[in-house]
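Inspection log for the structure reproduced underneath, given as structure tokens.
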Amino acid sequence: MDDVDSAELVSRLVVVSSRLTRAFRRVIGNENSLAALRALAVVEQYQPVRVGHFAQGYLSSQPAATKLLAKLEEAGLVVREPSPTDGRASQFSLTDAGRARLAENRAIMIEQIQPYFESLSVEERQSVDRALGLVSDFLKDRHPVDGVDEQIEGPDSDSDAG
């Protein structure tokens, strides 16, 4: 098998990722629901998560993150607790309702996309699985949020209370 240009792979990954995101938007329908699901997924990934860390993972400003987390808290999807390392700050985790909402919407997305993957051969599914594992490992190693704990928890950081 011939080698594949890495820039071409990245370009194709970006295009496929965008198309997949749009497909999920169509399945979920409501843009507000999609934003809430993205937010719940970030909380799930980093919980318990402080506002600043959430903002970095969600790619929003800290004030916008504070508003969004407050809406999720009001809806009973996340719970706010005092940070054990900084009494001025809060941290957020999913509630049972938040976990259920995330699981329900992921199940809908899986139901819509799974038939395509069932039509693939065993070897094709194994190739996709290997590729997803490689991309996942890359993101775990290089995601910008994962290396910022010292900045967020440090004494010079802004308070996450709010």
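The values are calculated or read from the model by the stated rules, or taken from the named source; none is laboratory data. Note that the coordinates shown come from a computational prediction; the quantities given were computed from them, not determined experimentally. Backbone-built Cβ (ideal geometry, glycine too); neighbour counts: all protein chains shown.
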**Request:** Inspect the stretch 62-70 for any residue being in contact with a Leu (Cβ under 7 Å, 6 or more places away or on another chain) and either farther than 30 Å from residue 127 by Cα or buried (at least 19 other Cβ atoms within 10 Å of the Cβ) (or both) and give the result as yes or no.
**Result:** no
**Message:** Given (1) in a helix (DSSP H, G or I); (2) loosely packed, with under 15 Cβ neighbours inside 10 Å, identify the lone condition not met by residue 37.
**Reply:** (2)
**Message:** Looking at the stretch 70-81, can you tell me whether even one residue there is assigned to a loop (DSSP other than H, G, I, E, B) and of a type in the set (Val, Ile, Thr)?
**Reply:** no
**Item:** Filtered residues of the stretch 40-65 (kept if assigned to a helix (DSSP H, G or I) and of a type in the set (A, V, I, L, M))
**Value:** 40, 41, 42, 43, 51, 55, 64, 65
**Checking residue 73 against (1) more than 26 Å from residue 111 (Cα to Cα); (2) out of contact with any Lys or Arg (no Cβ under 7 Å at 6 or more places or on another chain), the condition it does not meet** = (2)
**Boolean, residue 85 is exposed (fewer than 13 other Cβ atoms within 10 Å of the Cβ) and either at pLDDT below 95 or under 29 Å from residue 51 (Cα atoms) (or both)** = yes
**Asked** Which residue pairs have Cβ atoms under 9 Å apart, sit 6 or more places apart or on different chains, and have a first residue in the stretch 102-126 that is loosely packed, with under 12 Cβ neighbours inside 10 Å and a second that is among the hydroxyl-bearing types (Ser, Thr, Tyr)?
**Response** none
